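The values are calculated or read from the model by the stated rules, or taken from the named source; none is laboratory data. For clarity, every value in this text was computed on a predicted model and none was experimentally measured. Reconstructed Cβ throughout: ideal geometry from the backbone, glycine too, with neighbour counts over all protein chains shown. Remember, those area values only see protein heavy atoms, side chains included, never the ligands or the DNA or RNA. Shrake-Rupley method; radii C 1.70, N 1.55, O 1.52, S 1.80 Å.
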Amino acid sequence: MTTKFERDFVVLVLGIETSCDETAAAIVDDQRRIWVDRVLSQTEDHKPFGGVVPEIAARSHLDHIDRLIAEALAQTGLKLDDLDAIAATCGPGLIGGVMVGATMGKAIALAAKKPFVAVNHLEGHALTPRLTHDIDFPYLLLLASGGHAQILAVLGVGQYRRLGTTIDDAMGEAFDKVAKMAGLGHPGGPQVERAAQTGDPARFALPRPLKGRPGCDFSFSGLKNAVRLVVESLPRPLSPQDQADLCASFQQAVTDSVAERTTNAIVQFKQHWPVGTHLVVAGGVAANAKLRDTLSLLSHRHGLSFLAPPLSLCTDNGAMIAWAGIERFRLGLTDGLDFAPRPRWPLDPDATQIRP
Ligand code: KG4
Ligand code: ZN
């Protein structure tokens, strides 16, 4: 150790995340200590386009990632030599951005002669509850992000069984599109949640997708369409009250639907993995307080404990990638520098593909 710090841990990993519109680097140790967690959001770069533009994202990651890593090291006083491994998101995500982070991670691993860990971004989200809390496998995970809506049984590192997924849009995508229709900015989730605070969730009758159907799949496109019809029936631009009522009604419909689908998943999970004790949420949409509160009540009603990471660890960050790197490194699961970045990378490759 070349720093002033006592080494009271075994594994220290640098995590790099560039799969969407956050450039992030973090250093975490196996005692769950986050030494540094730097996240640079590109929200302003994409704002004029109302959504993430892949080429702009990749260019911006390229412009900032080396400085961010250098600052992370400087901030902690750590040297590359203090690290035990370098972890980088290698998919799924916007491939241009993924390549920037993966290549940077490999280059550092090569230069510093450290092992490289190729991390699945979704596994980063899925293992975050073990970074924040001392919980054992198996647990039930609701993964709700800008690109995904899935319910998985997390059985171990690299071991996932998908119980349900979206048959159309991702959950965060639905929030983002509704925000756009309501005349709110990007990213939509936080804006919808903020607007909903002063709205009437019962003003607009919106559908609860897949209600009463067996299984744990999700659907959001019909709900999104229903929101579009409401918007078209209102005077535009929407008044602040209309915006608030629309957002509250939408948020309520999503929450009701997710609660119903998650109830089915809890029943399945308890049948197959009765030793499991927790329902956890992860991914950007897990930042939504209404959803968290509802799922918390639901878990307790079904005899499970509920866990939601702090907001900063729900949305994309480097700490979750570093932690997934630690979990894999401890099991000897390191990767070669020829590991190919990939735009698609399911956590459960055996799950039935609903859409090709
Ligand atoms: O996990 P994440 O940071 O990036 C992906 O891997 O996709 O998730 C981003 C998504 C966006 O769609 C954003 O609108 C949504 O999470 N989100 C929220 C909230 N905060 C972020 N959705 C609902 N309520 C929120 N408070
Ligand atoms: Zn994510």
> Scanning the chain for helices, which whole DSSP H stretches are 27 Å or more long along the axis (Cα) and average -1.0 or more by Kyte-Doolittle?
Replying inline: 54-76, 240-272
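Rounded, prolate or oblate, given the Cα gyration tensor of segment 273-328, with a/c below 1.5 counting as rounded?
Oblate shape, in that a/c is at least 1.5 and b/c is the bigger or equal ratio.
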> Give or take rounding to whole Å, what are the principal axis extents of the alpha carbon atoms in segment 126-179, in descending order?
Replying inline: 37, 22, 14
> Over the Cα atoms of the chain, what Rg and Dmax result, in angstrom?
Replying inline: 20.4, 66
> So what is the 222 nm mean residue ellipticity for the chain from helices alone, if each DSSP H run of at least 4 adds -39500 (n - 2.57) and you divide by all residues, rounding to the nearest 500 deg cm²/dmol?
Replying inline: -13500 deg cm²/dmol
> In whole Å, what are the Cα extents of segment 33-111 along the three principal axes, biggest one first?
Replying inline: 41, 23, 21
> Lys79: which lysines have alpha carbons under 22 Å from its alpha carbon, excluding same-chain residues fewer than 8 sequence positions away?
Replying inline: Lys4, Lys106, Lys113, Lys114
> Dividing the convex hull volume of the alpha carbon atoms of segment 137-310 by its residue count, what do you get in Å³ per residue?
Replying inline: 105 Å³
> According to the Cα gyration tensor, what semi-axes, each the square root of 5 times an eigenvalue, does the equivalent ellipsoid of segment 39-82 have, listed from largest to smallest in whole Å?
Replying inline: 28, 10, 6
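So how do 21-31, 67-77 stack up, highest first, on mean other-Cβ count within 10 Å?
On the way: 21-31: 24.3, 67-77: 15.7.
In descending order of packing, they fall as 21-31, 67-77.
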> Toward the positive end of the charge dipole of segment 137-310, about the Cα centre and with charges on Cβ (Lys, Arg +1; Asp, Glu -1), which of Val178, Ala259, Gly164 goes farthest?
Replying inline: Gly164
> When only alpha-carbon atoms count, how far does segment 238-356 stretch along each of its three principal axes, as whole angstroms with the largest first?
Replying inline: 55, 39, 33
>> Can you give me the accessible area per residue for segment 137-310, using a 1.4 Å probe, in Å²?
In response: 39 Å²
> If the label point is 7 Å along Cα→Cβ of Thr277, which residues in segment 290-317 have backbone nitrogen under 14 Å from it?
Replying inline: 303-307
> What is the total of Lys pairs in segment 137-310 with C-alpha atoms under 20 Å apart, excluding same-chain pairs fewer than 8 positions apart?
Replying inline: 6
